[in-house]
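These notes are about the structure you will find just below.
The values are calculated or read from the model by the stated rules, or taken from the named source; none is laboratory data. On a predicted model such as this, the values are computed, not experimentally measured, just so you know. Note that each Cβ is placed from the backbone with ideal geometry, even for glycine, and that neighbours are counted across all protein chains shown. All accessible areas refer to the heavy atoms of the entire protein, side chains included, with ligands and DNA or RNA removed. Shrake-Rupley method; radii C 1.70, N 1.55, O 1.52, S 1.80 Å.
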Amino acid sequence: MDLASYADLAIVLVNSGHRPEGDGLRDLDGLRDLLAGRPHLGGTLRQRDLDAMRALRDQLRAVFAASAEGRGELAAERLNELLIQHPVHPQLSAHDGQDWHLHVNDGGAIPDVYAARAAMGLAVRVAEQGIDRLRVCPADGCGRVYLDTTKERSRLYCSPDCAAQAVGRAVRRGPRGEGTARTERTEPDSTAARPTGQ
Ligand SMILES: [Zn+2]
């Protein structure tokens, strides 16, 4: 498994606090739903697990928030703290007919496993692509976090919905919103029609 893909755990957990249907960590059933289908994250859950997951969510959000404010060093410091608190234990695994690949923390208390994997995944992403890839969606009332993995660092919102909402708002603001409202070219490309006199 690609270790960077564990970063998804961080995003899912932080965004569980920003769902239209309510807090994903409202109770133990909410936590069970969040963990459903995740390998090595099953088993009996107790109130202390829920409390630990809520605390982890706050810590992960703080990493994204620092990055979104342009404070990359602080974001990295916070992520390093998580890596120290939740040491990573890599293991080779070859389940379900797959080739040998790396797993991280296949055993232990669920919040610890989750934290070690999420922090490791984010750290790998940051090391590969940069700390500024950790973003908080700037759309009004959103607050979800995401990773901008585009080559041009051009993903400005968490989702197409948020991007569309922001463009709609800019258009309604009129010409004063110049720059943000322009989403398409208004003039045809005329370079092809240029006379070739010289
Ligand atoms: Zn958004």
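In this structure the chain gives 60 Å² per residue of accessible area when probed at 1.4 Å with all protein chains present. For the modelled label position 7 Å from the Cα of D58 along Cα-to-Cβ, which residues of the range 16-30 have backbone nitrogen atoms closer than 13 Å? Flagged as within label range: none. In this structure, the amide hydrogen of G143, modeled 1.01 Å from its nitrogen in the peptide plane, lies closer than 5 angstrom to those of C137, counting only residues at least 5 positions away or on a different chain. Among the GluC sites (Glu not before Pro) in the range 1-73, those located in a DSSP loop and surrounded by at most 15 other Cβ atoms within 10 Å of their own Cβ are E21, E69.
Loop-resident trypsin sites (Lys or Arg not before Pro) (DSSP state other than H, G, I, E or B) in the range 35-65 with no more than 13 further Cβ atoms inside 10 Å of their Cβ: R46. For the pair R32 and D161 in one chain, pulling the backbone fully straight at 0.36 nm per residue adds 43.7 nm over the alpha carbon distance. In a DSSP loop and with at most 14 other Cβ atoms within 10 Å, the trypsin sites (Lys or Arg not before Pro) in the range 70-129 are R71. Remark: the H101-E21 segment gains 25.1 nm on full extension, using 0.36 nm per residue and subtracting the alpha carbon distance.
When cysteine pairs in the chain are screened for C-beta atoms closer than 4.7 angstrom, the residues that find no partner are C162. Surface composition of the chain: carbon plus sulfur atoms contribute 50% of the solvent-accessible area (1.4 Å probe, protein chains only, all chains present).
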